[in-house]
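Novice: Before I ask anything, let me first share the structure, which is written out below as structure tokens.
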Amino acid sequence: MRAIVVIGGEAPYPAVAAHLAPVDLVVAADSGLDAAVGLGLRPDVVVGDLDSVSPSALATAEAAGTTIERHPSDKDATDVELAVDAATARGATAITVVGGLGDRLDHLLGTLAVLGAPRLARIAVDAWLGRAWLAALQGPGQRDVDGRPGDYISLVPLAGPARGVRTQGLRWPLDDALLTPTSTLGISNELLRGRAEVRLAAGSLLVIRPYALDSR
């Protein structure tokens, strides 16, 4: 079951709509409801403390029978984490998170941490954030990356060392490499052709195409 989670804050680029495959479930995190409507999506669930969603969009959603999960403002998780959990609770086996980069660095880092959460290891997780596409990869695992020759591809470890990193189709191949959170070894590699393969033995990685919406 495929799900889209649309997050609040800065609106996603409209061009991202063309890259979104049909899904079974759309979850909006707070003002992600407004962003979802702007992308032509109809959310099935709205989650959060609802402090930033527009009253008109919320009223329309409620009238349409959308499930509204209200949380107190004093809570132990961001609206993004709550929305991802809402998708997994409904049986999502693949989740695409969509949103802008925003002006809250702390929220952005928190969102990236959620994407690589161990509890999502068996779920295919990717995201469109700003102009970037990224995927969470947990070992042992593999991820194919599609793009244009010359596109930048960066591999960023999460939550400790990423071990046994192997790549095919990148300008600077890695063979059983160790990537650590204090090293930039995985930054700014390049696609040689239209597809590359990233394998990971253990740990977690973010596989990032930073200009996925641009024609570099």
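Novice: Can you sort Arg143, Arg70, Arg209 from fewest to most other Cβ atoms within 10 Å of each residue's own Cβ?
Specialist: Arg70, Arg143, Arg209
Novice: Please compute the net charge surrounding Val98, taking Lys and Arg as +1 and Asp and Glu as -1 over other residues with Cβ under 12 Å from its Cβ.
Specialist: Charge balance in the 12 Å sphere: -2.
Novice: Please sort 120-129, 55-64, 92-101, 4-13 by packing, taking for each peptide the average over its residues of neighbouring beta carbons within 10 angstrom, highest first.
Specialist: 4-13, 92-101, 120-129, 55-64
Novice: Here is a follow-up. Tell me the angle of helix 79-89 to the major Cα principal axis of the chain, expressed in degrees between 0 and 90 and rounded to the nearest ten.
Specialist: The answer is roughly 90 degrees.
Novice: Could you tell me whether the range 76-143 comes out rounded, prolate or oblate from its Cα gyration tensor? Rule is a ≥ b ≥ c as square roots of the eigenvalues, rounded for a/c under 1.5, then prolate if a/b exceeds b/c, otherwise oblate.
Specialist: oblate
Novice: In nm, give the distance between the simple-model label positions of Ala202 and Asp49, each being 7 Å from the Cα along the Cα-to-Cβ direction.
Specialist: Using points 7 Å along Cα→Cβ, the separation is 4.0 nm.
Novice: Hey, with R₀ at 45 Å, roughly what FRET efficiency would Arg42 and Arg193 work out to, going by the Cβ-Cβ distance, to 0.05?
Specialist: 0.75
Novice: Nearest 500 deg cm²/dmol is fine: what mean residue ellipticity at 222 nm does the chain get from its DSSP H runs of n ≥ 4 alone, each adding -39,500 (n - 2.57), divided by its residue count?
Specialist: Computed ellipticity for the chain at 222 nm equals -5000 deg cm²/dmol.
Novice: While we're looking at this one, here's another question. Work out how much length Asp146 to Ala159 would gain on full extension: take 0.36 nm times their residue separation and subtract the Cα-Cα distance, in nm to one decimal.
Specialist: Fully extending the segment from Asp146 to Ala159 adds 2.1 nm.
Novice: Let me ask something else. Which net charge results for the neighbourhood of Arg2, defined as the other residues with beta-carbon distances under 13 angstrom from its beta-carbon, given Lys and Arg at +1 and Asp and Glu at -1?
Specialist: Once positives and negatives cancel, what remains is -2.
Novice: If R₀ is 41 angstrom, what is the calculated FRET efficiency for the pair Trp172 and Ala59, using the beta carbon separation as r and rounding to 0.05?
Specialist: Efficiency, from the Cβ-Cβ distance: 0.20.
Novice: Under 5 Å between amide hydrogens, which residues at least 5 positions from Val46 or on another chain qualify, with H placed 1.01 Å from N in the peptide plane?
Specialist: For Val46, the qualifying residues are Ala28, Thr67, Ile68, Glu69.
All of the numbers you see were taken from the coordinates with simple rules; none came from a lab. Keep in mind it's a predicted model, so treat the numbers as computed, not measured. Because the Cβ atoms are built from the backbone with ideal geometry, glycine has one as well, and the counts that use them run over all protein chains shown.
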